[in-house]
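One structure is given below, encoded as structure tokens.
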Amino acid sequence: MSIITISTPFNIDLTFRAAPFHRRVSAWFIDFAILCTFNYLLMRFVISPVDDYYGAGRETAIILYILLAATPSFLYHLLMEQFLNGQSLGKRAMKMKVISLDAQEPTFGQYMLRWVLGLGNYVLFSMPFVMLYSPFSIIFLLIFYLPDVLSIALTSRGLRLGDLAAGTVLIDTRHEAALGDTIYLEIEEDNYVPVFPEVMKLTDRDINGIRNLLDVRKRNRDSDAYMAQIAYRIREVLQIQTNLLPEELLRQLLKDYNHITRK
């Protein structure tokens, strides 16, 4: 399984696991089955009864297919990833998620670019017509997915064409850190006042990197020099003055960040 390493501005590396190919395929089949079921039920119980009852012609039926079936199918992945935080229903079932290569949530522009360059998405637009007039021809339409399959196979991070252009990657979310390994920190004082409110200039991934560094400190007593470099760099970025030792500063920043974000 490919390991993806992303560096923060403080030289703290975060690692993710790229979603394996067989889980991508499983997610695709789940999404495909959902769309097939949606289109069948729509045509069987909505469009066909309207056509039969009102005696609408073929042109009217085609317009209904485009508005109610083809267009939602065409936009399925874009809308799902935008509103389900980087997941379609298939990806959610397979425990996968799209993230930006800077470890942040992708922007709508990134989702859009990823979707536009997904040639297989254009097959979904024709799905209602294929199901209605030639169900078996769907097999030949799968050739549109070949460029993405080759891109996933040939890139070290398993990136499809849309990911390469948008700066995104599909990760495996089954390997989430335990609660104690995340930025979560219990703060018991009721009247706690943050010492460094400037900490909000940092991102979640920076704070997570600090937490990881502190955990390493517990296992490796020779990391004082590296921690001092990180603390010095953070003081520069946040423009704070303090006499706290490097480890004390990092722990205080972690504590302040948790308090402010959990208000």
When (1) in contact with a helix residue (DSSP H, G or I) (Cβ under 6 Å, 6 or more places away or on another chain); (2) at pLDDT 75 or above; (3) over 23 Å from Lys97 (Cα atoms); (4) not aliphatic (A, V, I, L, M) are applied to Arg17, the one that fails is (3)
Flagged in the stretch 203-227 as modelled with pLDDT under 65 and either assigned to a helix (DSSP H, G or I) or among the aromatic types (Phe, Trp, Tyr) (or both), in numbering order, are Val216, Arg217, Lys218, Arg219
Counted residues in the stretch 165-184 being surrounded by fewer than 18 Cβ atoms within 10 Å (Cβ to Cβ) and at pLDDT below 60 come to 8
Picking from Leu67, Leu113, the residue that is over 30 Å from Asn208 (Cα atoms), out of contact with any Phe, Trp or Tyr (no Cβ under 9 Å at 6 or more places or on another chain), without any contact (Cβ under 8 Å) to a residue 60 or more places away in the chain and assigned to a helix (DSSP H, G or I) would be Leu67
Met200 passes all but one of the listed conditions (1) modelled with pLDDT of 90 or more; (2) exposed (fewer than 15 other Cβ atoms within 10 Å of the Cβ); (3) of a type in the set (A, V, I, L, M); the exception is number (1)
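The values are calculated or read from the model by the stated rules, or taken from the named source; none is laboratory data. These numbers were taken from a predicted model, which means no experiment stands behind them. Quick reminder, even Gly has a Cβ in these numbers, built from the backbone with ideal geometry, and neighbours come from all protein chains shown.
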